1. Can you tell me how many residues in region 74-85 are crowded, with 20+ Cβ neighbours inside 10 Å and either modelled with pLDDT under 95 or among the β-branched types (Val, Ile, Thr) (or both)?
2. How about region 46-68: which of its residues are among the basic types (Lys, Arg) and either assigned to a strand (DSSP E or B) or touching a helix residue (DSSP H, G or I) at 6+ places or on another chain (Cβ under 7 Å) (or both)?
3. Output the residues belonging to region 84-143 that are within 18 Å of Phe69 (Cβ to Cβ), of a type in the set (Asp, Glu) and assigned to a strand (DSSP E or B).
4. Just to check your reading of the model, which residue among Lys43, Lys71, Lys31, Lys4 is at pLDDT below 95, surrounded by fewer than 17 Cβ atoms within 10 Å (Cβ to Cβ), of a type outside the set (Ser, Thr, Tyr) and not in a loop (DSSP other than H, G, I, E, B)?
5. Looking at Ile106, is it hydrophobic (A, V, I, L, M, F, W, C), surrounded by 15 or more Cβ atoms within 10 Å (Cβ to Cβ), more than 22 Å from Tyr50 (Cβ to Cβ) and modelled with pLDDT of 50 or more?
6. Taking into account only those residues within region 46-67 that are surrounded by 19 or more Cβ atoms within 10 Å (Cβ to Cβ) and not small (Gly, Ala, Ser), which is farthest from Ala11 (Cα to Cα)?
7. Determine the pairs where a residue that is touching a residue at least 60 places away in the same chain (Cβ under 8 Å), located within region 51-79, has a partner that is of a type in the set (Gly, Ala, Ser) and outside any strand (DSSP E or B) with Cβ atoms under 6 Å apart, the partner being 6 or more residues away or on another chain.
Amino acid sequence: MAMKITEELRAKAEVYYGDEMCQEKTKLLLKEVGLPNGLLPLKDIMECGYIEETGFVWLKQKKKVDHFFEKIGRVVSYAPEITAYAEKSKIRKVTGVKAKELLLWITINEIAVDERPTGKLVCRSTAGLFRTFPTSAFEVAEKDKERKEDQVSASSGAATGTTTTTPAAPAAPPAAAAALEK
């Protein structure tokens, strides 16, 4: 059951609006508590808030998001409102997150990184069930993300009419070109 975000909670919290700002703050929070940066692959986040004294955090998105984690072969569903308490290496009392296990949706209420050298991520349900996964399955490479953004900006430049010219290579003589084709 999702916790109601009251005006009293909002008054104590750092509240941010808009997808870009909330994505940035979510990644920063995950990094600060020591969790993988791809753990919450949310879309269209409208609002996020964090109360530093208690560690309470909430995220509101436009609609439910189902995400398939390829490396572990699992579908995870993120409700329009997600709440949790963030601590070092874990988030507890999580609401709004469910994982599909066989034919059942299991409610996740705690996600923690194991302190042992293995560095495994442990997801626990309210029923006492748990699964252990490699943390690498939830990591998103920042360089890959930047590279994709560069590719998008380069292609958008072509769409806006701007062109980039590169010096042309000297043309090969026709006889050399014919020899290369054979």
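1. The total comes to 3.
2. Scanning region 46-68 gives a single hit, Lys60.
3. Glu101, Glu110
4. Values: Lys43 fails: not in a loop (DSSP other than H, G, I, E, B); Lys71 fails: not in a loop (DSSP other than H, G, I, E, B); Lys4 fails: not in a loop (DSSP other than H, G, I, E, B).
None of the other options fit; the residue is Lys31.
5. yes
6. The qualifying residue farthest from Ala11 (Cα to Cα) is Gln61.
7. Phe69/Ala137; Lys71/Ala137; Ile72/Ala137
The values are calculated or read from the model by the stated rules, or taken from the named source; none is laboratory data. These numbers come from a predicted model, not from an experiment. Don't worry about glycine lacking a Cβ; one is built from the backbone with ideal geometry, like all the others, and counts go over all protein chains shown.
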